[in-house]
Amino acid sequence: MAGDGQRTRHTLQPKVMQKAIAILELVCVSSKPVDLGMVIRFSGVPKSTAHRILKTFTEYGLVEHVKQGYVMGEKWRALCCRSSLISMVENAKPVLTPHLIELHNRTGGAAVAISILRGTKVAYLDTLHLHRHLHIIKRIVGNDVPLHCAAAGKALLAHRLDVTEDALECLEAFTDTTVTDPLKLRAELNVALRNGVAYSREEYLVGVSSVAAPIIFPKQTRPSAAISVIDSTERIDLFVCALLVRQAAKKISTELAAARWPA
C-alpha cells in the first residue's frame, strides 16, 4: 500500500504543477488583484491547495498579497523585465555590433560591453575584448555588478530615480576607491546626468577602470541598457573614451529609432 501511495503522489505532482503555473499566469496577466475565490474557480483546486500554492509564490516573491487579493510580485516583474531587455538587446544586435567593433578599435583595443539594468545591479551581456581582458570579463559576465561601483550602473542610475533609493541603501565597498557615501554618489550621478557619461575608477576591481553611457530603446522613456569601455587603469584614457562612448551611445539610440537620447 505504501508503494501505491508513493506512485499516486508522483502521478499527481505534474497536475499540481500545471495548476500552479496556470494560477501564476492568471495573477500576472490580470489587470486587477485576483482573490482566492477567483483562483479556486479558475483552477478547480481545493481551497487548501490554492492557498498553499499562493503562499509559496508569495514567499518567493512571484506574487504579492495585497488587500484586494494577489498581484504580480517584484521578483516575477523583474524576471519579465530582464527577459524583455535581453530580447531587445538580441534584436538590436545588427545595430549594436558595428558600433561595438568601431568603439573597440577606436579605443585601442579596450574591452567594450553592452549591459542591462537588473534591479539594483547591472548585468553584462555582450562583450568584445582581447585575451588580456579575460581576467576582467570573467569577473563581470555572469556576476551581476552593483550599480554604484560600475560605470554602466552609474550611467543608468543617474536616469532611474525608481531604483536610486534602493541602490543607495547599502553601498558596499569592493575596493578602497568604491564610493560608499550616498551624498558623494548622488553628486556623481548629477554630473553623469548632465554629461551623458559615468565613470568607475577601480571601484569594483583593483586596477580596472571604465566609462559608460546609457542607451535608450524604442518605446522607452528612460534607459535600461548601457555601453561601456573597460580596461586597465594604466591603459585607458577616460577622457578620450568618454567622448567616444557617448558618441556611440547616441548613434545607437538614434539608429534604434528611440524617441530621444537621454543626455
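For the range 71-94, the criterion of being among the polar types (S, T, N, Q), assigned by TED's automatic domain parsing to the domain that holds Gly207 and surrounded by 12 or more Cβ atoms within 10 Å (Cβ to Cβ) is met by at least one residue. For His135, the conditions (1) farther than 21 Å from Ala192 by Cα; (2) touching a His at 6+ places or on another chain (Cβ under 9 Å) all hold with the exception of (2).
Selection within the range 219-237: residues that are buried (at least 24 other Cβ atoms within 10 Å of the Cβ) and within 24 Å of Arg106 (Cα to Cα). The member of this set that is nearest to the chain's Cα centre (by Cα) is Ala225. Counting only helices (runs of 4 or more DSSP H) that fall entirely inside the range 126-217 and contain at least 2 residues that are farther than 20 Å from Ile252 by Cβ and modelled with pLDDT under 95, the qualifying elements are 134-140, 161-168, 182-195.
The values are calculated or read from the model by the stated rules, or taken from the named source; none is laboratory data. The model shown is predicted, which means the values in this text are computed figures rather than measured ones. Positions of Cβ are generated from backbone atoms using ideal geometry, with glycine treated the same way; all protein chains shown enter the neighbour counts.
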